[in-house]
Number of protein chains: 2
Amino acid sequence: MFVNLPEIVKRGFPVLTWGKNYSLDVAIADLVAGITIGLTLIPQCIAYASLAGLGPEYGLYSSLCGGIIYVIFGAVPELNIAPTALLSLLTFTFTNNASFGKVKAAILLCFLSGVIELLCGILHLGFLVDFVSTPVVAAFTSAGALTIASSQIKNLLGLNFKADSFAAVWSNVFQHITETKMWDSILGIGCCVVLLLLRKLKDYGSPPLDDHKSVSKSKKLIWFCSVARNAFVVIACAATAFFFDSCGEKPFSLTSKVPEGLPAFTNPVAEAHHGNATTSVVDMMKELGAGIFAVPFVAILGNVAIAKAFAKGKVIDASQEMIAVGMCNLIGAFFGSYPVNASFSRAAVSNASGVRTPLAGIYTGVMVILALTFLTPYFSYIPKPTLAAVIICAVIFMVEVALTKLIWRINKIDLVPFFVTLVFCLVLGIEFGILIGVCVDILFLLYRTARPKVVFDYVNENSTSYVKITPTSAIFFPSVEYVREKVMQNSVKYIFLVFDCQRVSKLDFTAAKSLSALLDDLSKMQKVVVFYRPPAPVVKILTKVAEGGPKIAETEENLYEILKEHDKTRRENIAISVEEKESNTQL
Amino acid sequence: MFVNLPEIVKRGFPVLTWGKNYSLDVAIADLVAGITIGLTLIPQCIAYASLAGLGPEYGLYSSLCGGIIYVIFGAVPELNIAPTALLSLLTFTFTNNASFGKVKAAILLCFLSGVIELLCGILHLGFLVDFVSTPVVAAFTSAGALTIASSQIKNLLGLNFKADSFAAVWSNVFQHITETKMWDSILGIGCCVVLLLLRKLKDYGSPPLDDHKSVSKSKKLIWFCSVARNAFVVIACAATAFFFDSCGEKPFSLTSKVPEGLPAFTNPVAEAHHGNATTSVVDMMKELGAGIFAVPFVAILGNVAIAKAFAKGKVIDASQEMIAVGMCNLIGAFFGSYPVNASFSRAAVSNASGVRTPLAGIYTGVMVILALTFLTPYFSYIPKPTLAAVIICAVIFMVEVALTKLIWRINKIDLVPFFVTLVFCLVLGIEFGILIGVCVDILFLLYRTARPKVVFDYVNENSTSYVKITPTSAIFFPSVEYVREKVMQNSVKYIFLVFDCQRVSKLDFTAAKSLSALLDDLSKMQKVVVFYRPPAPVVKILTKVAEGGPKIAETEENLYEILKEHDKTRRENIAISVEEKESNTQL
């Protein structure tokens, strides 16, 4: 086999392809998009880090590495690899109780996720995510959003309790509702209102796409204000808190102190020392448990789906996208990153901002570096209710209400996997829910394969009557007995059976064997079976299983010829056997 | 809903249907068949009981209940519910190490298997066995036969060691080969040779079917001697041993003493007292473990397959067959039965003997009662090597060599599940092997569903050129991304895409959603998509997902009309846009 090395290098480093034609025009477009994304990203990262149970700096560390490394390995300009709500929630779920410290656990999880994503990319295992249907993904996302939004209610109202699951959170909220902190609630709910209004504003503005030059500057400004709403709200609230602080007042719950500067290089797979104890990497992995697979699975699921959504008709190299996100996590872990992937909302902003190449990530990265260098002292003034509002206003739109209606309209039965997944995600946690969803998906699939539609037409034409049997898909082993039974039940009164094989593209061994038994049984019952237009591979099998060779009709005329001929022989045979019997009785 | 009680009673007790027309003719046919079966069955039961690690009497108890109860609940005359080689092996596997005694364990396993079989029958869960493909069943049976034959080598040669797995047995045989007992070996190998020769004799005889009256009596006698070979060999060997014993010699390893008379009524679900300890039923069930599911699964698998093989074109009520075998086990357990089901070889003998109704089981039952009443004192003279020879000569024909060749000829890829199952059955034990086989089956199935064949034809006719895309089966969620990618890759150079939907019978929600995205992408790329002859449910979905309504062609002329019209508009649009650009540059 000939290995095309330049081609492999080109596939592995898409930067070599798009980098060749990088021009000033493209650079300006990327700069505008990069800055816009930065303004969305930085406040989101701080908020999502708190969701993952980590300090704000880890959110920024994560977005820094993700953005820069994707430039080298990624091919889809719209994708921005950074913390997301779902992965933050999963990180929290799997690392919160780690005995060796949750920061260490989150970073190790990031590293291991990266390794698995990379392996999936190299081994082309991305097709595995195809086995999760859209309804299950939608239910998983919705349940995740509901869980996240619920988990933030306590920060929004300034409550103080510990609860993980959806049900526990709400029961605690009602138990502790009397402890609501007034100023926290006012600020939190106020932030929500402002964020939702600013979000709505986008409909009245226009994105800065370069080919719409007729759009007025004010419209572009409106759009920009809407997109940068998180930044505005966070800055305004932090400024307010700073002002109160300088007056000696502390009305809001604030974020904890944040270390200044860029992330230090750390080894994610070093054994952990905590107190007097040491935990080996193997024990650390045991504690992370199923998270090692759940996190990369969800990351790949999201990334491939988003990449495809923004493919604009181009074919996405799903394996390369997995390698890219894998490298982001793998390398990121050495610089304090927790698990990252692409986010649909950021990709949408990126797309609307007119991004042209993944290099936009560099500009976003520079903004993150600036934030880490100059703004960290002020991060501790960001009120917790503000971050809760940022999170809630981001995730509530992930609850797929419209999609539910669409499923109802298109294929009602698909609501079953949707609601099963949703309920189990909310009751048992999203990591179990999606597993159950996938199982339901596969059961549905197996059922559909096991019970294909077989159409029976009773034809009475050209003075012959026959039953036409049309299986509407390939026949694989789970359906053979069902098909055989249907054929037996529905052809009792007919002598001639015509199998319309046009849609049967394939038969496996079990199907061939069962067909052979069926043909034997039918021939014992003096029935005549004709195969109408079987494709070549099916003909090959038929000649092997049908005793005395199968009767095959290639055209309709052909079919009637065969039927008439057999009708004649049959009548003659009956006559002969009657004669024989008569002669026997005479003896 | 109207419940047709008489119909339900009639279905539940097939005896009411066939019993009505029971005549002397039928009774004689059944009697001949019943006695023939009895002569095969009794020596087999004694041998299989030793395979299951139980005394010979349990084999007879089991065949007694199975045969009589099936008369009431069963519908297939050929079926004879009694111990079989595979179930005996499984019983040994799951009960041999039971802390509360293996007899008690085997009887409890029989009861629980009966309960599960009954439930599967009532809940119509029989379709589950459809998910085991013929290659996997064949591999399981072959591996079972090899394991059983191997396990008997030690009895054949008079060796003494303990080993369960296939590999362990053979390594022990070679280690202990020097301890071979001469007389045991001579008798065992001699029995094998005689049994195989008698088996071969069948080809020169004729079965006593009443419609072949011209066949000579000597031919019938030859056939009968061949079928009753087990009985002859066992009686001859026991007589020899008795003779030696009366001379004060004991050259052979003999069977242990057997209690006389019919089985006593026992409660299979009573707690077990052994020594000073008491084991509760729950603890007993825990010890049986996966056996509680493995045994009924294999029993149902075998029973339904055998019932279908002898259906002769009639539709088998698989649920009723499950209920019948369930009742045999459930009631049998109260009379000392261990798990039973039908055996293919006995069904074949039964069929050849001209059995007419399940009542033949009563005659066989009477023979078993006679054996238990009068012959038990002589059972202890049956040499162990003789029983080993009976077992080996029965199971070696279960190794599916011919089928392997057939799979190779019909569908080579199906050899993968065959050999995977075979190897794992031999290495890990047949109970694990079949589980792995079913997993491989399902993976194959999922892969086939995920990667349907899509045919691309590049058509250039009637002065239009288009690409015709033909998916050859229903499109379900795991295949949508694959199909979408294929379409994108293979239609780059064409403006007109024609989806030939004749074979697409169904789209699930994920497929519809993906199709919608594909249509969006294609329309952005200025491509025109026409659907050729979609069936009604697909049209319904298309109208919901295609923006501006789908273009549907019902006939070929229709298709060319649509294509030509769109070609015209497209050319005009290009002309207009060129004009616009020109006028823009002029401004």
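Only the coordinates and a few stated rules stand behind these numbers; no lab work does. Keep in mind that what you see is a predicted model, and the values were worked out from it rather than measured. Every residue, glycine among them, receives a Cβ derived from its backbone with ideal geometry; neighbour counts consider all protein chains shown.
The table that follows gives values for the structure above.
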quantity	calculated
Ordering of B:220-230, A:24-34 by packing [mean C-beta count within 10 Å, highest first]	B:220-230, A:24-34
Peptide B:498-507, shielding by other chains (average Cβ, 10 Å cutoff)	3
Inverse mean reciprocal Cα-Cα distance (Kirkwood Rh) of the stretch A:1-88, Å	14.8 Å
Hits among lysines - C-alpha to C-alpha of B:LYS10 under 19 Å, sequence gap 8 or more where chains match	B:LYS20, B:LYS314
The stretch B:479-524: translational diffusion in µm²/s, Stokes-Einstein, Kirkwood Rh over Cα pairs, 37 °C, 0.692 mPa s	289 µm²/s
Hydrodynamic radius of the stretch B:277-361 per Kirkwood, over alpha carbon pairs, in Å	14.8 Å
Selection of trypsin sites (Lys or Arg not before Pro), the stretch B:143-199, meeting DSSP coil and at most 10 other Cβ within 10 Å	B:LYS162
Inter-copy spacing of A:LYS257 label points, which lie 7 Å from Cα along Cα→Cβ, given in nm from shortest upward	8.9
Candidate lysines for bridging to A:LYS217, where Cα separation is under 26 Å - those fewer than 8 sequence places away on the same chain excluded	A:LYS200, A:LYS202, B:LYS581
Shortest-first distances to equivalent copies, position B:PRO377, nm, label 7 Å out along Cβ	11.0
Shortest-first distances to equivalent copies, position B:PHE242, nm, label 7 Å out along Cβ	10.9
Cα principal axis extents for the protein assembly as shown, largest first, Å	115, 84, 66
Debye log10 I(q)/I(0) at q = 0.10, 0.12, 0.16, 0.19 Å⁻¹ for the stretch A:128-258, Cα point scatterers	-0.53, -0.72, -1.01, -1.11
Antiparallel DSSP beta bridges within chain B, percent to nearest 5	50 percent
Likely footprinting exposure, B:SER280, B:SER319, fewest C-beta neighbours within 10 Å first	B:SER280, B:SER319
Cα centroid separation, the stretch A:276-340 to the stretch A:96-167 (Å)	11 Å
Test item: B:511-523 mean partner chain Cβ contacts at 10 Å	3
Protection proxy ranking, peptides A:385-391, B:532-538, average beta carbon neighbours within 10 Å, highest first	A:385-391, B:532-538
Helix-only mean residue ellipticity at 222 nm for chain B, each DSSP H run of n ≥ 4 adding -39500 (n - 2.57), per residue, nearest 500	-20500 deg cm²/dmol
Net charge of neighbours whose Cβ lies under 9 Å from the Cβ of A:ILE410, counting Lys and Arg as +1 and Asp and Glu as -1	+3
Cβ crowding within 10 Å averaged over residues, with A:142-150, A:478-486 ranked highest first	A:142-150, A:478-486
Furthest towards positive pole of dipole, B:LEU519, B:THR472, B:VAL487, structure part the stretch B:454-586, Cβ charges	B:THR472
Diffusion coefficient, µm² s⁻¹, Stokes-Einstein with Kirkwood Rh over alpha-carbon pairs of the stretch B:253-321 at 37 °C and 0.692 mPa s	200 µm²/s
Normalised alpha carbon radius of gyration of the stretch B:454-586 [divisor 2.2 N^0.38 Å]	1.12
Fewest-first ranking of B:PHE432, B:PHE344, using other Cβ atoms within 10 Å as the exposure measure	B:PHE432, B:PHE344
Cross-link reach list, aspartates and glutamates versus A:LYS453, counting only Cα pairs under 16 Å and skipping chain neighbours closer than eight places	A:GLU481, A:GLU485, A:ASP500, B:ASP508
Inter-chain Cβ neighbour average for residues B:469-482, partner chain, 10 Å	5
The stretch B:5-441 - convex hull of the alpha-carbon atoms, volume per residue in Å³	160 Å³
